[in-house]
Amino acid sequence: MSNLILIDLILFVIFCIFISLFLYKKRKNLKRDGIVFLYKTKIGIDFMNKFASKNKKFLHKIRFVIIGISVLLMITIIFIVLTNSYLYVAQPKKTLELTDKSIPIAPVIPYFPQIFKMEKFFPDFYFVYFIIVFSIVAVFHEMAHGIYMVLYKVRIKSTGFLFLGPILGAFVEQDDKEFKNKKNTEQMAVLGAGVFTNLLLSIIFGAILLLFFFSLYQPSGYLITGYAKTQINVSEISSLEGIENNLTLITTIDGKKYLLSQKEIDSENISNYEKINVNTYSPAILNNLSGYITEIDGKSIRKVEDIPEILKNKKPGEKIKIKTELEGLEKIQEITLGENPMNKSVGFLGVAFITKEQLQRRILEKGGNIIKRTLINLSLIRNPLILYKPKINKDVADYFYYLIWWAMMINLFVALFNMLPFGIFDGGRFSYLLILSIIKSKEKAEKIYKIISSIIILAFLLIIFSWFFARLVFY
């Protein structure tokens, strides 16, 4: 167990004890609402009153911006849910493979990437992250609701915190009768203010993330993504011979040599093809060169272009020292360069690289789960092809980097999922009011809203059942 996880678990125990003592001490002020406890206060009401009073004109001006963005968020999340539902139903096996068989719907709780086997798509989510990020999300979300309630003269009865075990939340309790008597656009502005604020916070934290990253991290290596390849005719192969490092040496009738790994040999029957792709006989594959190249002959690698720039002056038979790093382990190898197939006077290493743009295209070409594709693309802020090293302690730098990353992502998640057209979300009443504003009939609006809500529920059920079916049938 890493020191960070141990410290985080200790803080979790301390926090649980603190919450238990607080709830016991304040038990007379607590109100139970289903499975949660509400601690009602008047905190923040004065601020909301003053803010709404001082910024009345501005808040009125942006109300339609808030409504418009809320509609876009609703359309986006409906599209995401329906598209993913279709993919899981129509292509269950392919979708499961692309998502690494991870569960499609998981609660965002501490350590959920490890609990639900989603480490490929999400960084660690510590308990401290959970408390800090959700406190920011909830407080600003509810405060935005409250400011627009004040603006439209809806009485705020109380504010406060809700507790579901160690899970914290915030709330603003309004006079429901007064709220529902307001104009449709006013109600929609109040409902949309929360997700609009979360979206703004996501953008702000994204900017902070970029500033933090480019200030504290520097590129220190580039990832080897393969070895130099070429294509040969199968009919020209004269022999196949197993050699060290689990490689198969291919010799053609003209005496040229090529290499394939045992995995590549096993994955296809060579005799079934006229031509096959093979690895060039190179020092890189013979020496099992892998990981990030960080130095060549003592010269640091900052970008992919540095590697050919250093090698262009090297000659065949010349020895070079290459430092690589993989999962924190450094390795130094002395490698003798071969002859470049394109120019025999130039030394040849035989490594292959792809660019960030090529990696993004590969992700998009694979298709699959839209949410996870989006997450992988967002993670390319920190280009996985480049080894970044912080200018300060790595654990400290990474801890705060991913704290900011989670603040950005969870604000985005809340902005999207809270606009689902379903009763428990802001998007529930918002979608009803939107429909009502268009068709002007309460009875028809309620019917359409119920149909849309039912479709969303059905889509989620299809995702879950299709995932279970695919796991049972294909794995």
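Data overview
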| quantity | calculated |
| --- | --- |
| Using θ = phi - 60° and Karplus 6.51 cos²θ - 1.76 cosθ + 1.60, couplings along region 12-28 (whole Hz; Gly, Pro as x) | 4, 4, 4, 5, 4, 5, 4, 5, 4, 5, 5, 5, 5, 5, 9, 4, 6 |
| Hits among lysines - C-alpha to C-alpha of residue 299 under 18 Å, sequence gap 8 or more where chains match | 312, 314, 315, 319, 321, 323, 331, 389 |
| Angle in degrees between helix 356-366 and the longest Cα principal axis of the chain, rounded to the nearest 10 | 70 degrees |
| Helix axis angle, 370-379 relative to the chain longest principal axis, alpha carbon, degrees | 70 degrees |
| Computed [θ] at 222 nm, helices only, for the chain once each DSSP H run of length n ≥ 4 contributes -39500 (n - 2.57) | -17000 deg cm²/dmol |
| Positive-pole candidate from 348, 230, 277, dipole of region 223-352, charges at beta carbon | 348 |
| Part-to-part distance (alpha-carbon centres) for region 382-442 and region 81-139, which is given in Å | 13 Å |
| Lys, Arg +1 and Asp, Glu -1 on Cβ, resulting dipole of the chain about Cα centre, debye, nearest 20 | 2620 debye |
| Gap separating the Cα centres of region 190-237 and region 257-327, nearest whole Å | 24 Å |
| Distance violations [Cα-Cα > 21 Å] among 94/120; 50/180; 93/229; 120/391; 177/442; 303/344 | 50/180; 93/229; 120/391; 303/344 |
| Other-chain or far-sequence residues with amide H under 5 Å of residue 388's (modelled H) | 220 |
| Proximal aspartates and glutamates to residue 101, defined as alpha-carbon separation beneath 14 angstrom and excluding residues fewer than eight positions away on the same chain | 119 |
| The chain - percent relative contact order, Cα under 8 Å, separation 6 or more | 20 percent |
| Degrees between helix 394-417 axis and first principal axis of the chain (Cα, 0 to 90, nearest 10) | 50 degrees |
| Packing-based ranking, highest mean first, of 453-462, 199-208, 234-243, 347-356 given that Cβ atoms within 10 Å are counted | 347-356, 199-208, 453-462, 234-243 |
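A short reminder: the numbers here are calculations on the coordinates, not readings from a lab. Remember, it's a predicted structure, so these values are computed and weren't measured experimentally. Cβ atoms come from the backbone with ideal geometry, glycine included; neighbour counts cover every protein chain shown.
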